[in-house]
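S.K.: The structure is given below, and queries will be raised subsequently.
The values are calculated or read from the model by the stated rules, or taken from the named source; none is laboratory data. Keep in mind the model is a prediction, meaning the values are calculated, not measured. Here the Cβ positions follow ideal geometry from the backbone for every residue, glycine too, while neighbour counts run over all protein chains shown. Heavy atoms of the whole protein, side chains included, go into the accessibility calculation; ligands, DNA and RNA do not. Shrake-Rupley method; radii C 1.70, N 1.55, O 1.52, S 1.80 Å.
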Amino acid sequence: MRQVADLVGTVFAEELDARGRNALREMQVVGRLSPMLGDTLSLALLNEYISGQVWIEDGRIIGNVTLQCMDQAGSRWRISNVAVLPSHRRRGIARTLMLAALREIAQREGNWAVLQVRADNLGAHDLYGDLDFEDVARDAIYRLPAPPAEPNGAETAARLEPLRAWSSKVVLELAQAARAPLAQWAQPVRSMDYEVRFTALAGEWLGRLTGFYQAERWGAWQGQQLMGAVETIASRTSEHATMRFLVRPAARGSLEQALIARGLRSLARAGSNPVLVEHDGEHREGIAALRDAGFRVQRDLITMRRAIRPQDIRL
């Protein structure tokens, strides 16, 4: 596991986010344990849900692919950490590892293989396409160094009103309507992502009172239907602020600038930390509005899937 962690760290050094770096550190911790204890942990804790294949030459791991079960039924399996040392590329190692991964999923009676690839990694995307993977979603993280004093789009006809709670059912329904069905297959819209329980609301009130934490939520209505919404969160204990916004398909092109401007005005009052927005790549009007506001892509990922076929067991 230590060699796998070193390989993944070498190949993806510039791509890992905080969650990826934490996972890498966990792999390194297990790898530093004594061989017996390390093997025991791997077998007892990982093998049922995490597996994989490696390519070894001269006693050294130079290629890796990781498999992770995504549900209790064992239907979906995530393929990740497809890595080959730069000195050993263009020899078909990645393809061979991918075929081995698909074979193992078939042996474990899985139904789907799911993976993510950087949008600018055309070689890897082509490889997965050749193996019959299809695009199902695209999501990117956008970064703004600091909220401007007066955001673009301040002058708008859109009327935004404060939302009492981001947890309301209307916001959840908006989130479901804003994301394509195939993208929801890859990453379902979960009610817990839009719930703000009483304890959280109390924490937000205390945060505003002390100035350590600020959360704001605004929405645009058409009659009784919520057409768009924006949420901002800023904390003195975080290196960056976050913003997320949603627009119903019927209102796309008319609300994005207003929602982003409203969010940036809220964050400007909270401080000058960088702002991160994770947004659906299929919402082109939203991406255009983010770029117009000065946001730039920090990470852009395409989610792909492939149905597992009976003959894959012979790959």
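S.K.: Going by the structure shown, is Ser272 open to solvent by 30 Å² or more (accessible area, probe 1.4 Å), modelled with pLDDT under 95, more than 17 Å from the chain's Cα centre (by Cα) and of a type outside the set (A, V, I, L, M)?
M.R.: On the way: open to solvent by 30 Å² or more (accessible area, probe 1.4 Å): yes; modelled with pLDDT under 95: yes; more than 17 Å from the chain's Cα centre (by Cα): yes; of a type outside the set (A, V, I, L, M): yes.
Yes: the conditions hold for Ser272.
S.K.: Hey, does the range 293-302 have a residue that's under 30 Å from Glu104 (Cα atoms), touching a residue at least 12 places away in the same chain (Cβ under 8 Å) and of a type outside the set (A, V, I, L, M)?
M.R.: Looking for residues that are under 30 Å from Glu104 (Cα atoms), touching a residue at least 12 places away in the same chain (Cβ under 8 Å) and of a type outside the set (A, V, I, L, M), one finds at least one in the range 293-302, hence yes.
S.K.: Let me ask something additional. Quickly run through the range 243-269 and pick out the residues that are out of contact with any Pro (no Cβ under 7 Å at 6 or more places or on another chain) and open to solvent by 30 Å² or more (accessible area, probe 1.4 Å).
M.R.: Matches in the range 243-269: Arg244, Pro249, Ala250, Arg252, Gly253, Ser254, Gln257, Arg262, Arg269.
S.K.: Also, quick follow-up: Quick one: is Ala119 over 19 Å from Gly9 (Cβ atoms) and over 23 Å from the mean Cα position of the chain (by Cα)?
M.R.: Criteria not met by Ala119.
S.K.: Take the residues of the range 288-299 that are open to solvent by less than 30 Å² (accessible area, probe 1.4 Å) and within 19 Å of the chain's Cα centre (by Cα): which is farthest from Pro181 (Cα to Cα)?
M.R.: For the range 288-299, the residue satisfying everything is Phe295.
S.K.: With the checklist (1) within 24 Å of Gly271 (Cβ to Cβ); (2) surrounded by fewer than 14 Cβ atoms within 10 Å (Cβ to Cβ); (3) at pLDDT below 85 in hand, flag the one item Arg236 doesn't pass.
M.R.: Result: Arg236 passes all but (3).
S.K.: For the range 182-233, which positions are of a type in the set (S, T, N, Q), at pLDDT 85 or above and over 30 Å from Ser75 (Cα atoms)?
M.R.: Gln214, Gln222, Gln224, Gln225, Thr232
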